[in-house]
Amino acid sequence: MTDKQIFICDQCGNEFSKWYGQCPACQAWNSLKSIPSHTKTVGGRKVNNSKIKLTITKASQVFESNVNRVATNIGEVDRVLGGGIVPGSLILLAGQPGIGKSTLASQIGLNLSRQQPILYLAGEENPPQIKLRLKRLSRTIPDNFWFAAETKVEVLMALDKLKTKPCLIIIDSIQTMSTDLVGTQAGSPSQIKLAANLLMQIAKKNNLPIIIIGHVTKEGSIAGPKLLEHMVDTVIQFEGDANHAYRILRAVKNRFGTTNEIGLFTMEANGLKQVDNPLSLFSSELETPIPGSATSVIMEGERPILVEIQALVNPSNLTIPRRVAQGIASNKLIMLSAIISRRLGLSLANYDVFVNVTGGLNIKEPAVDLATTLAIISAYKQKAIPTKTATFGEVGLLGEVRPASFWQRRAKEAKRLGFNQTLATKPTLLKTVVKNLF
Ligand code: TYD
Ligand code: MG
């Protein structure tokens with residue numbers, strides 16, 4: 001049997017069994033690179049019948065030692081990972097440049113290195129830069145925090161030669177790593193795929209977890225981390241807004257846990273701090289209530305988070321008044337404004353309406369309809385909503401309010417944070433809510 005050649009497009013990362021001058025998938029010219037057939041990397045296409053053996057193990061008799069997770073002791077990280085890092089697992093930490101991926105990975109590394117060695121493979125920064133960051137994050141730097149300024153993943157093959165093995169490897173970042181298996185540039189799809197494949201083999205062979213940092217751009221133009229998603233065990237995404245301090249860590253894929261957990265952090269001068277009370281993050285927390293503010297509870301996965309919706313209603317001099325929304329969809333604002341005009345008889349026709357979600361959150365849930373509507377009405381009437389009132393409900397075109405999904409959990413969280421009045425726990429009419437409130 002002859003070895004099969006594999007060709008991989010350096011632009012889009014698709015694989016083909018023969019060479020084309022133009023990639024059939026993305027139409028790029030001269031982008032197909034051949035992958036050496038001896039690498040078992042891309043699907044291990046090299047098949048030799050005589051060597052194939054199928055080993056069957058009884059599931060009931062499998063030894064379960066592998067699932068002893070290593071806690072990072074950063075509660076929010078452990079929560080997202082489902083209790084800690086699973087030995088031998090490949091974790092992709094994805095996020096936009098500058099969001100704090102290196103910082104988070106360093107903090108995890110620092111924590112673990114207080115017990116056992118960890119290895120930070122730095123392709124982006126030089127040792128003094130890494131040291132500078134570590135000094136910002138921790139007063140003492142454990143001797144067990146090792147780093148190597150390397151860009152070739154092959155160096156990890158030499159792990160066997162170390163007397164003591166690290167308990168975690170951090171790769172910062174996959175875009176700067178390359179392998180000699182293909183002659184393409186670091187960061188190209190073929191490099192990313194092959195490098196990740198090598199990392200996977202190293203992780204499984206040594207039962208050693210590896211965190212791979214991957215940059216994603218806003219436009220998603222760097223295909224890198226997307227290519228990796230199906231290869232790794234866990235994908236955690238670090239999100240946030242450069243103009244705000246809060247960061248959300250979200251599990252997008254997790255072979256060893258749920259994807260419903262999120263971790264909340266703020267970026268401070270000396271690293272990421274965990275957030276226990278999200279209320280302070282997403283609301284202005286004014287002592288005396290001001291018209292135009294309403295509080296709602298959104299669900300981020302399994303976790304209820306209180307948010308503040310602010311509205312400003314101002315006489316307009318335009319034929320078509322403005323409807324400007326930050327943090328909720330503009331169409332939603334137009335619809336809610338129409339419902340207010342039509343169902344409550346409060347004409348907004350000559351007013352500009354601005355709505356903003358504080359903290360820079362982007363909300364897609366209909367549960368904030370009611371808070372948005374009440375914030376607009378409150379701004380229009382210049383009457384504040386009583387303090388410590390949280391609302392969560394969907395507003396329909398007929399002017400009806402339906403309780404949001406999981407309203408019990410939202411109500412419980414609001415109560416925990418001192419909100420004594422919760423609205424829309426039963427189906428009702430917007431008219432009734434407004435009459436009782438103002
Ligand atoms: P970084 O972790 O380098 O981001 P990424 O690896 O995702 O590109 O951190 C990004 C920003 O965070 C950087 O602009 C500086 C800031 N920062 C702090 O505010 N506090 C800190 O303690 C550290 C280490 C960084
Ligand atoms: Mg970085």
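Values for this structure:
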item	result
Candidate lysines - alpha carbon under 23 Å from LYS53, same-chain residues fewer than 8 apart omitted	LYS4, LYS40, LYS204, LYS205
Choice from ALA367, ALA59, ALA375 showing the highest fluctuation, given a GNM over the chain with Cα pairs closer than 10 Å	ALA59
Amide proton proximity set for ILE6, modelled H, under 5 Å, gap of 5+	ILE35
Surface accessible to a 1.4 Å probe, per residue, for the residues of segment 280-437, Å²	49 Å²
Hull shadow area, averaged, the chain [alpha-carbon convex hull, nm²]	27.9 nm²
Cα centroid of segment 155-201 to Cα centroid of segment 97-126, whole Å	16 Å
Point-to-point label distance, SER341-ASN317, nm (Cα→Cβ direction, 7 Å offset)	2.1 nm
Among LYS273, LYS426, LYS152, residue whose mean-square fluctuation peaks in a GNM of the chain (springs only between Cα atoms under 10 Å)	LYS426
Relative packing of peptides 22-33, 334-345 - highest average C-beta neighbours within 10 Å first	334-345, 22-33
Accessible area of segment 70-276 belonging to carbon and sulfur atoms, whole % at 1.4 Å probe	49 percent
Nitroxide proxy distance, nm - points 7 Å out along Cα→Cβ at ASP180 and ALA28	2.5 nm
Net charge of Cβ neighbours under 14 Å - reference LEU429; Lys, Arg +1; Asp, Glu -1	+3
Local electrostatic count, PHE238, Cβ distance below 10 Å [Lys/Arg +1, Asp/Glu -1]	+2
By average C-beta atoms within 10 angstrom, highest first, the peptides 190-197, 293-300	190-197, 293-300
Within the chain, helix-based [θ] at 222 nm, where runs of 4 or more DSSP H residues each add -39,500 (n - 2.57), nearest 500	-7000 deg cm²/dmol
Of the DSSP H helices in the chain, those whose Cα atoms cover at least 24 Å axially and whose Kyte score averages -1.0 or more	189-206
Relative contact order (%) - criterion: Cα under 8 Å, at least six apart; region: segment 281-433	28 percent
Efficiency of FRET between ALA158 and GLU229 - r from beta-carbon atoms, R0 22 angstrom, step 0.05	0.20
By average C-beta atoms within 10 angstrom, highest first, the peptides 349-359, 428-438	349-359, 428-438
Residue-span extension gain [LYS412 to ARG136] - 0.36 nm each, minus C-alpha spacing	95.6 nm
DSSP-assigned coil residues among trypsin sites (Lys or Arg not before Pro) in segment 344-418, each with at most 11 further Cβ atoms within 10 Å	LYS364
Hypothetical label at ASN68: residues of segment 103-119 whose amide nitrogen lies under 19 Å (7 Å Cα-Cβ projection)	112-118
Cα-projected label distance for GLN61 with GLN382, points at 7 Å along beta-carbon direction, nm	8.2 nm
Residues whose placed amide H lies under 5 Å from that of SER89, excluding near-sequence neighbours	ILE210
Per-bin percent of Cα-Cα distances, segment 70-276 [10 Å]	9, 38, 40, 13, 1
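The values are calculated or read from the model by the stated rules, or taken from the named source; none is laboratory data. Bear in mind the structure is a predicted one, so any value in this text is a computation, not a measurement. Here the Cβ is made from the backbone with ideal geometry for all residues, glycine too, and neighbour counts use every protein chain on show. Only protein heavy atoms, including side chains, enter the accessible area calculation; ligands, DNA and RNA are left aside. Shrake-Rupley method; radii C 1.70, N 1.55, O 1.52, S 1.80 Å.
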